[in-house]
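J.: Mind looking over this structure? Questions follow.
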């Protein structure tokens, strides 16, 4: 039998989800860690625009009808004390670290953009 | 669109580079600072889960209620608040979801403090799946089975507490919230004895009720107002007082300090069960007659009291009735219907409703369960009948 407790400790600021179709890869399958994804702009109508590599995506902001909880699994602290008979009942096993109430969805086909670098110009 | 978009390994660090790309994309009406999105150096792929929260769960979390996942190791994941339980199920998503703690989506909060300003936001995790919470009906058949492993018979025989369960053990086994389990335990007349929840062994419970009814009859007390304290004292040599009180509180109601009245419906149901239990089948009309004779004077039996404890077959000849208590049935709708239709091929709505009513939830009604799992047809008397859909 298992009982895992959930602690509620959300970030005071709501988190955001960006939804893209397909997947994101680096040119040479390098890990994504610390890699730049793109630039997020808003136009005069308040619509989000994402420049991702050599692509432009137009998106929209969607308010979620139910919030999404971000659940983080807590790694249990090892009980290194001598009294190993004490079972640590109060350790929580999951924590809701944030709530997401808004998504930015980019569902349109990406538009290729042609960038002219200074070095290309003669 | 299934194209894989290549993230640029080039970092857009400077205003010039950002402008180079935004000009190329003809973005000229930028009204707020540009946000540079970067995957975090501590990119976290497996430790986080996205779960959509119903409003009731959000409120429970905000109120600081204890929220837990409960179950046996191979059970589906069930989350319980203090009064509700939900099954966690995967929601369909094939899109890529990027989670960020600091992207600004509210443009009112984004204003330029200087012309050349760039903001930086991190993506800390990416997902291809989210989860949602579906209404869940606790596995009460497990609760029932566990409590009946070792029913309480009498103090003398209580030499061992083997196969006895505490409230928190029952919670985990049944995947129930505290509120739901308490309601169920009350319904099946369980009681807490020294931190363990127990049901009374049937014949032991029956003998207590008979003793109470006999005493009322012998003393010619009115069952609508009998002196319960005297009743308690007179029977205390036979049964432990706390057990007597437990039984009295189920079958009676306090009128005032001195007097209690018996619950007519429950006492009639009790007599029906005592008659039906030992035999396989009873002729319906014969049963009704004997039943009325067996209840205390002034009590009126009624066929509605037989619902959910028995099945009557009016199409057999002669019409018959047999014992079939609801508590034997599975807690999942389709399994329960399959059990019911094994007993009898065709049911009218009035007959089957009492066996399904406890499955009703805010979102699921008896009618919707029937619509989902059964077919309806008209019988010889042109009455609407239900039969089980074979494929589910």
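J.: If I stretch the segment between residue B:182 and residue B:162 completely, what's the gain in nm (0.36 nm per residue apart, minus their alpha carbon distance), one decimal?
T.: 5.0 nm
J.: Give me a single rounded figure for A:62-69: the average over its residues of other chain Cβ atoms within 10 Å of their Cβ.
T.: 5
J.: What shape does the range B:54-111 have by the C-alpha gyration tensor, where a ≥ b ≥ c are the square roots of the eigenvalues, rounded means a/c under 1.5, and otherwise prolate means a/b greater than b/c and oblate the rest?
T.: Cα axes put the range B:54-111 in the oblate bin.
J.: Using a 7 Å offset from the Cα along the Cα-to-Cβ direction at both residue B:368 and residue B:286, what is the distance between the two label points in nm, to one decimal?
T.: Once both label points are built, they end up 4.5 nm from each other.
J.: Taking the highest mean first, how do the peptides B:31-40, B:85-94 order by number of other beta carbon atoms within 10 angstrom per residue?
T.: B:31-40, B:85-94
J.: Another question about this same structure. Classify chain B from the C-alpha gyration tensor, please: rounded if a/c falls under 1.5, else prolate or oblate depending on whether a/b exceeds b/c.
T.: Prolate shape, in that a/c is at least 1.5 and a/b is the bigger ratio.
J.: Put one equal scatterer on each alpha carbon of the range B:140-198, apply the Debye formula with no solvent term, and list log10 I(q)/I(0) at q = 0.15, 0.22, 0.26 1/Å to two decimals.
T.: Scattering profile of the range B:140-198, log10 relative to I(0): -0.39, -0.82, -1.13.
J.: Another one. Can you tell me the equivalent ellipsoid semi-axes for the protein assembly as shown? Use √(5λ) from the Cα gyration tensor, largest first, whole Å.
T.: Its equivalent ellipsoid spans semi-axes of 65, 28, 19 Å.
J.: Helix B:15-24 sits at what angle to the longest principal axis of chain B, using alpha carbons and giving 0 to 90 degrees rounded to 10?
T.: The two axes meet at around 80 degrees.
J.: Taking every residue in A:10-22, how many Cβ atoms of other protein chains lie within 10 Å of its Cβ, on average?
T.: 6
J.: Moving on. Using a 10 Å cut-off on Cβ atoms, rank the peptides B:249-257, B:14-22 from the highest mean neighbour count down.
T.: B:14-22, B:249-257
J.: Taking R0 as 30 Å, what's the FRET efficiency between residue B:224 and residue B:353 from their Cβ-Cβ distance, rounded to 0.05?
T.: 0.50
J.: Sticking with this one: What distance in nm separates the simple spin-label points at residue B:206 and residue B:153, each placed 7 Å from Cα in the Cβ direction?
T.: My value for the distance between the label points is 1.6 nm.
J.: Which percent, to the nearest 5, of DSSP beta bridges fully inside chain B are antiparallel?
T.: 85
J.: Between residue B:375 and residue B:72, with labels modelled 7 Å along Cα→Cβ, what's the label distance in nm to one decimal, could you check?
T.: 3.5
J.: I've got another one for you. Provide the gained length on full extension for the span residue B:195 to residue B:297, in nm with one decimal, where the gain is 0.36 nm per separating residue minus the Cα-Cα distance.
T.: Gain on extension, residue B:195 to residue B:297, equals 32.8 nm.
J.: Beyond 24 Å, what percent of the Cα pairs of the range B:95-222 remain?
T.: Taking all Cα-Cα pairs of the range B:95-222, the fraction more than 24 Å apart is 59 percent.
J.: Given a Förster distance of 22 Å, report the FRET efficiency between residue B:120 and residue A:116 from their Cβ-Cβ distance, rounded to the nearest 0.05.
T.: Between residue B:120 and residue A:116 the formula returns 0.30.
J.: Continuing with the same structure: Going by the alpha-carbon gyration tensor, a ≥ b ≥ c the square roots of its eigenvalues, is the range B:275-325 rounded (a/c under 1.5) or, if a/c is not under 1.5, prolate (a/b greater than b/c) versus oblate?
T.: Prolate, since a/c reaches 1.5 and a/b exceeds b/c.
J.: Which angle from 0 to 90°, rounded to the nearest 10, does the C-alpha axis of helix B:333-343 make with the longest principal axis of chain B?
T.: 30
J.: Where does helix B:284-294 land angle-wise versus the long Cα axis of chain B, in degrees 0 to 90, nearest 10?
T.: Between the helix axis and the principal axis of chain B, the angle is about 70 degrees.
Every read-out reported here was derived from the displayed coordinates using simple, explicitly stated rules and does not represent laboratory data. Because the structure is a prediction, the values reported are computed rather than measured. Neighbour counts run over all protein chains shown; Cβ positions are idealised from the backbone, glycine included.
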